[in-house]
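Enquirer: One structure follows; several queries about it will come next.
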Amino acid sequence: MADKFEQFTSESWLERIQDSIKGVLVGGLLFLVSFPVLWWNEGRAVRTALSLEEGAGAVVAASADKVDPALDGKLVHVTGALVTQGPLTDDALGVTVNALRLNRTVEMYQWNEEVEEKKDKKLGGGTETKKTYTYVKEWDSELVDSTEFQKPKEHVNPKSMPLLEQELTAKDVTLGAFSFPERLVERVGTPTEVKLDSGALEKLGPPLKGKARLEQGCIYLGANPEKPEVGDVRIRLYQVAPMTVSVVSRQRGNTFEPYQAKAGDALELVREGDVPAAAMFQSAQAGNSMMTWILRVIGFLLMAFGVGMVFRPLATLGDVVPLVGSMLGFGAGVFAFVVSIMLSSITIAVAWLFHRPLVAVLMLLAAGAGGAALAAMRHRQQALARVQQGRG
């Protein structure tokens with residue numbers, strides 16, 4: 001059962017002002033960093049898109065049964081079954097399988113510390129923070145350093161694993177008449193668990209032999225799997241079995257190497273199954289689009305957080321009366337959001353200007369709309385202020 005305790009700390013108004021002023025420097029740095037991040041991302045997106053378009057127009061079909069010297073140096077699409085020339089063996093567990101990859105995972109039952117923080121503003125600008133520390137027992141593949149806990153003496157974890165994780169990759173793999181590179185072997189397939197039987201216990205070497213038991217197809221170190229204790233360990237094996245794959249890469253002799261597109265990217269695509277080249281390039285374009293939007297959001301958040309931190313001292317000053325500080329903080333957040341939308345759109349549009357003029361125009365229009373919304377907001381605030389002054 002989880003146990004917990006609470007810790008209360010307070011911070012004065014002057015201390016908060018000092019911290020917020022320090023945050024201005026960090027916020028300014030985040031704001032400045034957001035521009036090169038957004039700019040670089042758009043250049044990367046265009047380069048990758050053009051490279052994939054180039055590759056889709058240059059790729060030719062090749063047979064896996066025989067290496068055609070006439071295709072040497074060209075971007076080829078090959079489909080066939082992967083074959084390993086020898087099995088993979090986990091020496092510590094004594095398990096041998098015919099697989100492309102063999103992974104050993106090791107998990108230990110350990111204490112984990114979870115922290116929940118709640119901060120309340122007080123009249124006068126200070127704050128009181130309540131931290132709730134909850135200790136739970138969980139399976140974890142990484143060692144958890146219990147000496148960093150708030151209550152380390154009551155929650156002690158072991159300092160080492162009895163066995164380390166391991167990843168094995170087949171080195172001699174063929175795709176028909178071609179040698180399939182190890183870097184591509186590492187990119188194919190989803191690992192599935194290798195269910196161990198009672199014979200696996202007999203093959204165990206030290207330090208596991210005589211201490212382990214079999215539990216639901218995995219090796220278990222501990223007294224009772226139904227009621228695990230801190231320090232118990234479970235070990236599993238996962239394999240990627242030989243399969244049919246499709247690859248788009250540059251043919252070099254009887255193997256493959258990345259194809260350097262004129263647009264700038266090195267192309268090398270691999271998919272599980274019999275997948276047409278057109279579908280592989282379409283999927284890669286979709287992945288490029290998704291990555292582009294993810295990095296756009298990251299750049300926007302860097303900018304928004306940066307602007308918010310720059311204006312945080314104003315909200316902290318207003319926290320002498322908590323309601324006033326909250327209103328100022330909300331206003332600063334809205335301002336940061338609108339400004340970041342506008343500046344992000346402008347940065348993205350300028351970066352695309354020479355590559356995708358139509359998209360650039362649309363983004364500039366979006367930035368203009370953001371600026372108009374900000375101007376309208378300021379106009380409404382000024383009008384409201386005049387009305388309030390008139391009533392006064």
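The values are calculated or read from the model by the stated rules, or taken from the named source; none is laboratory data. Source: prediction; values computed, not measured. Positions of Cβ are generated from backbone atoms using ideal geometry, with glycine treated the same way; all protein chains shown enter the neighbour counts.
Enquirer: Restricting to the stretch 273-286, count the residues that are over 13 Å from LEU175 (Cβ atoms) and either loosely packed, with under 11 Cβ neighbours inside 10 Å or of a type outside the set (A, V, I, L, M) (or both).
Expert: Of all residues in the stretch 273-286, those over 13 Å from LEU175 (Cβ atoms) come to 273, 275-286.
Within this subset, residues satisfying the condition of being either loosely packed, with under 11 Cβ neighbours inside 10 Å or of a type outside the set (A, V, I, L, M) (or both) are 273, 276, 281-283, 285-286.
Residues that pass the stated criteria total 7.
Enquirer: Follow-up. Under 8 Å between Cβ atoms, at least 6 apart or on separate chains: pull out the pairs that start in the stretch 35-49 with a residue that is farther than 12 Å from LEU295 by Cα and end on any residue that is polar (S, T, N, Q) and modelled with pLDDT of 95 or more.
Expert: THR48/ASN288; ALA49/GLN285; ALA49/ASN288
Enquirer: Further, regarding this structure: Of everything in the stretch 180-216, what is surrounded by 17 or more Cβ atoms within 10 Å (Cβ to Cβ) and under 23 Å from LEU82 (Cα atoms)? Give them in sequence order. Show your work before the answer.
Expert: Just the residues of the stretch 180-216 that are surrounded by 17 or more Cβ atoms within 10 Å (Cβ to Cβ), to begin with: 180-181, 184-185, 188-189, 191, 194, 196, 200-201, 204, 208, 212.
Across the stretch 180-216, the qualifying residues are PHE180, PRO181, LEU184, VAL185, VAL188, GLY189, PRO191, VAL194.
Enquirer: Same structure, new question: Which of the strands (runs of 3 or more DSSP E) found entirely inside the stretch 7-122 contain at least 2 residues meeting this: β-branched (Val, Ile, Thr)? Before you say what the answer is, go through the steps one by one.
Expert: Working: elements: 75-84, 88-90, 95-97, 101-121.
Here the list reads 75-84, 95-97, 101-121.
Enquirer: Wholly within the stretch 210-320, which strands (runs of 3 or more DSSP E) include no fewer than the required count, namely at least 1 residues that are touching a residue at least 60 places away in the same chain (Cβ under 8 Å) and within 30 Å of VAL67 (Cβ to Cβ)?
Expert: Answer list for the stretch 210-320: 233-240, 244-252, 255-257, 269-272.
Enquirer: Quick test for you: out of ALA177, ALA261, ALA266, ALA278, pick the one residue that is under 24 Å from the mean Cα position of the chain (by Cα) and at pLDDT 95 or above. I'd like the intermediate steps shown before the answer.
Expert: Details: ALA177 fails: under 24 Å from the mean Cα position of the chain (by Cα); ALA261 fails: under 24 Å from the mean Cα position of the chain (by Cα); ALA278 fails: under 24 Å from the mean Cα position of the chain (by Cα).
After ruling out the rest, the residue left standing is ALA266.
Enquirer: Moving on. Would you pick out the residues in the stretch 117-159 that are among the small types (Gly, Ala, Ser) and more than 27 Å from the chain's Cα centre (by Cα)?
Expert: Across the stretch 117-159, the qualifying residues are GLY124, GLY125, GLY126.
Enquirer: Looking only at the stretch 59-99, count every residue that is of a type in the set (Gly, Ala, Ser) and without any contact (Cβ under 8 Å) to a residue 60 or more places away in the chain and tell me the total.
Expert: Step one: filter the stretch 59-99 for residues of a type in the set (Gly, Ala, Ser), giving 61-64, 70, 73, 80-81, 86, 92, 94, 99.
Remaining after also requiring without any contact (Cβ under 8 Å) to a residue 60 or more places away in the chain: 70.
The qualifying residues number 1.
Enquirer: Is it the case, given these coordinates, that VAL297 is within 25 Å of the chain's Cα centre (by Cα) and either surrounded by 14 or more Cβ atoms within 10 Å (Cβ to Cβ) or outside the structural domain of LYS22 (by TED's automatic domain parsing) (or both)?
Expert: On the way: within 25 Å of the chain's Cα centre (by Cα): yes; either surrounded by 14 or more Cβ atoms within 10 Å (Cβ to Cβ) or outside the structural domain of LYS22 (by TED's automatic domain parsing) (or both): no.
So VAL297 fails the test.
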